[in-house]
1. Could you order the peptides 21-34, 54-67 from most to least packed, using the average number of other C-beta atoms within 10 Å per residue?
2. I33's amide H: which non-local residues (gap 5+, or another chain) put their own amide H closer than 5 Å, with H modeled 1.01 Å from N in plane and none for Pro or chain starts?
3. Roughly how compact is the stretch 12-65, stated as its Cα Rg over 2.2 N^0.38 Å to two decimals?
Amino acid sequence: MENIQNIELKEIDSKYYVACCDAVSSIDQGGIIPNGAVAMSGYGDGVYPVQLKYNISKQIVGVKIDF
């Protein structure tokens, strides 16, 4: 966690928020963070449909987020 936005960390949850901000501020506009993934939608906060692709061993091998 770099905290490239210089967010003041007051609570433990802030560290997770900062990790999300760092990921969406990157050139990739998203990435893998502890316990999940985050992406820039361009449309603000919200809930978006997510589709998962599984392999024969029922492991997730693909994720599609419909912005």
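Here, each number is a calculation from the coordinates, and none is a lab measurement. Because the structure is predicted, anything quoted here is derived from the model rather than measured. A quick note on method: Cβ atoms are made from the backbone with ideal geometry, for glycine too, and the neighbour counts reach across all protein chains shown.
1. Result, highest mean Cβ count within 10 Å first: 21-34, 54-67.
2. V38
3. 1.29
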